Amino acid sequence: MPGGEPSARSAWRDRLHDVIFEAETPVGWVFDVLLLVSIVASVVAVMLDSVESVAERHGPLLYAVEWGFTVLFTIEYVLRLVAVTRPLRYATSFFGVVDLLAILPTYLSLVVAGTQTFVVVRAFRLLRVFRIFKLIRFMGEGRTLVQAMRGSLRKILIFLGVVLIVVLVAGSLMYLIEGRENGFTSIPTSMYWAIVTMTTVGYGDIAPQTVLGRFLAASLMIMGYGIIAVPTGIVSVELAQAVVHPNTRSCPSCLLEGHHPDAVHCRRCGAHLDGVEESEAKEES
């Protein structure tokens, strides 16, 4: 029946979305746990393959295991694109990019040898553990941190600009004071020394020999202790002002998370939200 096909397909996609994206449903929880186990196993396989003695004995097996996981993750990635209303938006989201990068290195290894090592980027997919095991408090803190970093971005960029100017001036002065004979062979080299000194790392590969140079170095070191505290204070202020939305519900259209448990529509795009909370509300009514 032509009129029933869109409805059937929509129901199928909604069901697929609940399984893949929602951790509140039993089936979705099992799917995500199996996914996490697979991710850990694939990363361990890549790590073992980098050990020469293990690779000599079990190289073919590890190669087959890696390709097996890659095929599974490829199928999963395609299903995620099918399950959402706007596949391009998911593909360009953080987890969408990570999911793609998790499978590309293995395919690229067919052209460029050794690129399969980069599949360790799959470890970023383990961030879903917060959703799966309902560690809402940690998810809220993660959102708070991201929000604070975004709010601090412009202030930190201005701060870094000032620091770079100080590094440029200090490096130029040290190049003039110490000169090539003491290892400060160029202004970029002197700027490298200024960065190492200001951050109190102190590799010791280049060191001033003159009294004036040592005085400048000491001044940079003291300045470095004060500079380190500045970005910390900026982010701390933003953290105190950040708003937490502790919920894992995901919009099937725009993938926005953090919806209220009683929400029926997405607060960003207005799409209808499907989830356990809504079904329970219907049952109660």
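What follows is calculated from the coordinates using simple rules that are stated; it is not laboratory data. Just so it is clear, the structure is predicted and the values come from calculations on it, not from any experiment. Positions of Cβ are backbone-derived with ideal geometry, glycine not excepted, and every protein chain shown enters the neighbour counts.
Some values worked out for this structure:
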{"quantity": "Built amide H within the under 5 Å cut-off of Leu256, gap 5+", "calculated": "Cys251"}
{"quantity": "Proximal charge balance of Ala55 [Cβ under 13 Å; K/R count +1, D/E count -1]", "calculated": "-3"}
{"quantity": "Ranked packing of 145-152, 201-208, 80-87, most packed first, by mean Cβ within 10 Å", "calculated": "80-87, 145-152, 201-208"}
{"quantity": "Listed peptides 214-224, 48-58 by packing density, highest first (mean Cβ within 10 Å)", "calculated": "214-224, 48-58"}
{"quantity": "Long-range Cα-Cα pairs in the range 180-223 (distance over 16 Å), rounded percent", "calculated": "28"}
{"quantity": "Largest-first principal axis extents of the Cα set of the range 142-241 (Å)", "calculated": "51, 19, 18"}
